[in-house]
Amino acid sequence: MANNTVKNTGKNVVIIGTQWGDEGKGKIVDWLTDDAQGVVRFQGGHNAGHTLVVGQGDDQHVYKLNLVPSGIVREGINCYIGNGVVLDAGHLLKEIATLENDGLEVKSRLKISPGCPLILDCHVAVDLAREAKRSNEKKIGTTGKGIGPAYEDKVARRALRVYDLFYPERFAGKLKEVMDYHNFVLTNYLDAEPVDYDAQLAKSMQHAEALKPMVADISAELYGATARGDRLLFEGAQGTLLDIDHGTYPYVTSSNCIAGQASAGAGVGANMLHYVLGITKAYTTRVGGGPFPSELDIETEGAPGTQMSVVGQEFGTVTKRKRRCGWFDAAALRRSAMINGLTGLCITKLDVMDGIKEINICVGYKLDGKTIDLLPVGADDVEGCESIYETVPGWTETTFGVKTWDGLPKNAQHYLKRLEEVCGVPIVIVSTGPERDETIVIEHPFS
Ligand code: GDP
Ligand code: IMO
Ligand code: MG
């Protein structure tokens, strides 16, 4: 009888955004790859934008990744795209070409699940046409990459998946059915142009050839990697408050972004997820529509929100939109901690708060005359929340690039300690700049 139990000699870490995305997951995944052998994406698609800054001065390289796991910039790390990811093959191939032009070896280290649903041009067309039809206050503010419609097809059991690409006749037939459906919706309901079937088929067949050498059974690969003692990082995209079930629905993305999804979206047992590291900005940002209780003005010169926007360079990587900014929201973090089972917190972008005289922490809300200390479920109730703030003193010294806890100003230490108390999760890492080394380790997740 086959023995299918694997002794896990490594310690795998799930890296999760605990807010509305862009918490700095990419930087931390890259930093942790020093001690890991593989990085796995398990949900989302090229709506993700993970920026990695490697090196200093003239030798500095900035990588912007959408689909390729952040392990790719470090030599020898294996990268895996699990079945939970929706795959725009054309975008992936372009991203690989850009990285290879930058001198990175990608194709031999990247493995893609045959089970990934494909994002097709009709998904992008539907995504854009729907957003165009929505009134301003109802716009989700999607990235326009076809993510929602592609996940809808998956759940409706009509998606074309990566393995379909290798059976041209079957692919052509399934594609016809799917495109007839979407073209009907585009032309009869969304007042938009149809998408050309022949062009999509030709393009997909080209992608098939280029993708084929990278397609592999990801469950089996990860099982094998674990058996040889590799440590794996599961790289979350988006953030907990954008989760399709637990986020501020309907102002969310279309996948589960929480730690448990690492199991379903990579095809591994939940017992392979040993440590959940929640990535959290020292403040809060959100890009796109939807409620944001601790939101600040980001236009007035000298205002704290404007400082977060400008110093934090809060522009979306994917859509270049200005990110909305606000105070740290502990009531939202408590929900995140609960849903993800956070083992530890990593606070990023502490340096962006340097010089803010008084810092507010949202510790709860007033909702319908009651006081609550946990973010409600769904956008309607969150919309009605009025933040309750606790004020702590800021600091005037710079924290940019500080590498030790003792090197932080006392008030920055107090701020972090207070965040830890109000969230109920230990802070194990603090990030003080975009570069790898600009990091304070309090307790290493691999220790
Ligand atoms: P992700 O989507 O969670 O990977 O985050 P993004 O990459 O979209 O956004 C985070 C941005 O902040 C990137 O441009 C990072 O280079 C940058 N960043 C990450 N950590 C820090 C930090 O501690 N301080 C500063 N100033 N920038 C940081
Ligand atoms: P990373 O991985 C921030 C947001 C969009 C929009 C909503 C739905 O870089 O943290 P979608 O295109 O997914 O249907 O859009 O989700 N969104 C993100 N916001 N960071 C992201 O990824 C995001 N991916 C999607 O702005 O509000
Ligand atoms: Mg991002």
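At each listed q (0.16, 0.20 Å⁻¹), what is the log10 of I(q)/I(0) that the Debye formula gives for region 119-172 modelled as equal alpha-carbon point scatterers?
So the normalised log intensities work out to -0.54, -0.73.
So what's Rg/Rh here for region 249-358, counting alpha carbon atoms and using the Kirkwood radius for Rh?
My calculation of the ratio gives 1.01.
Can you give me the relative contact order of the chain as a percent, contacts being Cα pairs under 8 Å and 6 or more apart?
After rounding, I find 20 percent.
Stokes-Einstein at 37 °C, 0.692 mPa s, Kirkwood radius from Cα pairs: D for the chain in µm² s⁻¹?
146
Please give the direction-averaged projected area of the C-alpha convex hull for region 307-447, in square nanometres with one decimal.
If you wrap the Cα atoms of region 307-447 in a convex hull and average its projections, you get 9.6 nm².
Work out Dmax and Rg for region 245-290 from the C-alpha atoms and quote the Rg first, both in angstrom.
Over region 245-290's Cα set, Rg and Dmax evaluate to 13.2, 36 Å.
For region 121-214, I need the span (max minus min coordinate) of the C-alpha atoms along each principal axis, in Å, sorted largest to smallest.
Between the extreme Cα coordinates on each principal axis of region 121-214 lie 45, 26, 22 Å.
For region 206-269, compute Rh as the Kirkwood radius over C-alpha pairs and then the Stokes-Einstein diffusion coefficient at 4 °C and 1.567 mPa s; write the answer in µm²/s, rounded to an integer.
94
What value, in deg cm²/dmol to 500, does the helix sum -39500 (n - 2.57) over DSSP H runs of n ≥ 4 give at 222 nm once divided by the residues of the chain?
-9000 deg cm²/dmol
Please work out the Cα center distance from region 282-347 to region 28-64, rounded to the nearest Å.
Computed from Cα coordinates, the inter-centre distance equals 20 Å.
Which percent of Cα pairs goes in each bin when the distances of region 376-437 are cut into 5 angstrom slices starting at zero?
3, 14, 19, 18, 16, 11, 9, 8, 1
Can you compute the radius of gyration and Dmax for region 51-97, using only the Cα atoms, both in Å?
Spelled out, the Cα radius of gyration and Dmax of region 51-97 are 12.3, 38 Å.
Which value, in debye to the nearest 20, describes the size of the charge dipole of region 331-447 about its Cα centre when Lys and Arg Cβ atoms bear +1, Asp and Glu Cβ atoms bear -1, and nothing else is charged?
For region 331-447, the charge dipole is close to 180 debye.
Starting from 0 in steps of 10 Å, tell me what percent of the Cα-Cα pairs of region 61-209 lands in each bin.
Using 10 Å bins, I get a P(r) of 11, 37, 32, 17, 3, 0 for region 61-209.
Full-extension gain between ASP180 and LYS107, please, as 0.36 nm times their residue separation minus the C-alpha to C-alpha distance.
22.9 nm
Roughly speaking, what is the centre-to-centre gap between region 244-271 and region 397-447 when only Cα atoms are used, to the nearest Å?
Value for the Cα centre distance between the two parts: 27 Å.
Viscosity 1.002 mPa s, temperature 20 °C: Stokes-Einstein D of region 5-97 from its Kirkwood Cα radius, in µm² per second?
Answer from the Stokes-Einstein relation: 151 µm²/s.
Per 0.36 nm of contour for each residue apart, how much would the distance between LEU367 and ASP217 grow if the chain were fully extended, relative to their Cα-Cα spacing?
My answer for the length gained is 49.2 nm.
Please report the antiparallel percentage of the DSSP beta bridges confined to the chain, to the nearest 5.
45
Would you mind calculating the gained length between LYS410 and ALA132 on full extension (0.36 nm times residue separation, minus the Cα-Cα distance), in nm to one decimal?
Length gained between LYS410 and ALA132: 95.2 nm.
What is the ratio of the Cα radius of gyration of region 158-208 to 2.2 N^0.38 Å, where N is its residue count, to two decimals?
1.18
Beyond 14 Å, what share of the Cα-Cα pairs of region 261-325 remains, rounded to the nearest whole percent?
66
Ranked from highest to lowest mean number of other Cβ atoms within 10 Å per residue, what is the order of the peptides 364-372, 331-339?
Taking the mean over residues of other Cβ atoms within 10 Å, the ranking is 331-339, 364-372.
Count the net charge of all other residues whose Cβ sits under 9 Å from the Cβ of ASP121, scoring Lys and Arg as +1 and Asp and Glu as -1.
Charge balance near ASP121 sits at 0.
Which of the aspartates and glutamates could a cross-linker span from LYS281 if the Cα-Cα distance has to be under 15 Å and same-chain partners fewer than 8 positions apart are dropped?
In chain and number order, the partners are ASP22, GLU23, GLU295, GLU314, ASP329, ASP351, ASP354, GLU420, GLU438.
Taken together, the values in this text are just the output of simple stated rules run on the coordinates, not laboratory data. Given the structure is predicted, the values throughout are model-derived calculations rather than measurements. Note that we place each Cβ from the backbone using ideal geometry, even for glycine, and neighbour counts take in every protein chain shown.
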